[in-house]
Amino acid sequence: MLGRGTSARLLAGAVLALCMVLVGPSAPNGGLFAGPRHAAAAGDVVPNRVMTWNICNPCTVSDVDRAADIAAYAPQVIGLQEACVRDVERIREYLENLHGLVYHVEYGSVLRKWGRCGGAPWSPGAFGQAILSAAPMTDPVNVEYPDGGSEDRGYMAVTTLVAGQPVRVFNTHLAQRRQEAVRADQTRVLAAEVARHERAIVLGDFNAVPDAPELSRMWALATDADPQCRPSPTGTCRPTTDWQSKFDYVFLRGFTPLRHRVLPTPSSDHHLLHTDVTPA
């Protein structure tokens, strides 16, 4: 015959098992618990935080994992490059349903490519950039560069709120490496538009190190979110890629960086890059 303590433990175990069956797993991978999350990811974004991330394509990475990487730091604005519309749609859904983070979205697709984004051969997925923002976005534009180089490239821009201030946010992906002249023409197009705004944030994968001549127009207009990073031998720029180069930037115009972090992730060959800002 079972003692009173043993019977109580068995009853408690049976109740827990029944709850697991009725409620089901709460973690996306089927585990009971999703594990620790960053404190900011409990449903609230960090209101002055912006992030840029080349999410890598083609890569065999789960959009659940991509959403978890973003949610860990809960930026107010995220610029994604190498983004397929279908992937971004799923990432946005996971951010809301799994992490309680609600974002608006705008797309800056520059090509439709089955090899990049899947879909039917006669209706391939759209590929390019995307911006997620906790605040609504207005006046979206999507510009394809006159010369994309080896693949179509462009920039997108929206107006939204960052640190409580209206700001023009740009997101771009420049031509691949060893195409310096093409990137120089692309930054000329981009910088001419950025210069029209007293307050602007430019996110993106520029495929160029800080002292590359093709970035000179951007440095003339804005500063990098990393205060130690400059286009000179005295600058100390943290690498943002697995091959230890700084290709990813948060250029600030009319804003001052408060804190800057570069965060390697197994989800991409580019690191997560985010900064907290305040109006200058």
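The values are calculated or read from the model by the stated rules, or taken from the named source; none is laboratory data. What you are looking at is a predicted structure, and each value in this text was computed from that prediction instead of being measured. Heads up, the Cβs are rebuilt from the backbone with ideal geometry, glycines too, and the neighbour counts pull from every protein chain shown. What goes into the accessible areas is simple: the full protein's heavy atoms, side chains included, and nothing from ligands, DNA or RNA. Shrake-Rupley method; radii C 1.70, N 1.55, O 1.52, S 1.80 Å.
Scan region 128-155 for residues that are more than 26 Å from Ala71 (Cβ to Cβ), in a strand (DSSP E or B) and among the polar types (S, T, N, Q) and jot them down. Passing the criteria: only Asn142.
Yes or no: Asp65 among the charged types (D, E, K, R), at pLDDT 50 or above, assigned to a helix (DSSP H, G or I) and over 24 Å from Phe206 (Cα atoms)? So Asp65 passes the test.
Within region 93-127, the set of residues being outside any helix (DSSP H, G or I) and over 27 Å from Val169 (Cα atoms) comprises Gly118, Gly119, Ala120, Pro121, Trp122, Ser123, Pro124. Of all residue pairs spaced 6 or more apart or on separate chains, those with beta-carbon atoms under 7 Å, a first member in region 94-113 that is of a type in the set (Phe, Trp, Tyr) and a second member that is part of a loop (DSSP other than H, G, I, E, B) are Tyr103/Ala134. Filtered by the rule that a residue be basic (Lys, Arg), surrounded by 14 or more Cβ atoms within 10 Å (Cβ to Cβ) and under 30 Å from Val61 (Cα atoms), region 226-262 gives Arg238, Lys246, Arg261. If the condition is being small (Gly, Ala, Ser) and part of a strand (DSSP E or B), then region 257-280 contributes no residue at all. Checking Thr223, Thr187, Thr265, Thr275 one by one, the residue that is open to solvent by 40 Å² or more (accessible area, probe 1.4 Å) and under 22 Å from the mean Cα position of the chain (by Cα) is Thr223 and no other. Within region 206-213, can one find any residue that is closer than 18 Å to Val110 by Cβ and either of a type outside the set (Phe, Trp, Tyr) or at pLDDT below 95 (or both)? Taking every residue of region 206-213 in turn, at least one turns out to be closer than 18 Å to Val110 by Cβ and either of a type outside the set (Phe, Trp, Tyr) or at pLDDT below 95 (or both). Of the residues making up region 77-89, those that are open to solvent by 20 Å² or more (accessible area, probe 1.4 Å) and either in a strand (DSSP E or B) or not hydrophobic (A, V, I, L, M, F, W, C) (or both) are Glu82, Arg86, Asp87, Glu89.
Residue count for region 46-62 satisfying the condition of being open to solvent by 40 Å² or more (accessible area, probe 1.4 Å) and either of a type in the set (S, T, N, Q) or under 21 Å from His260 (Cβ atoms) (or both): 3.
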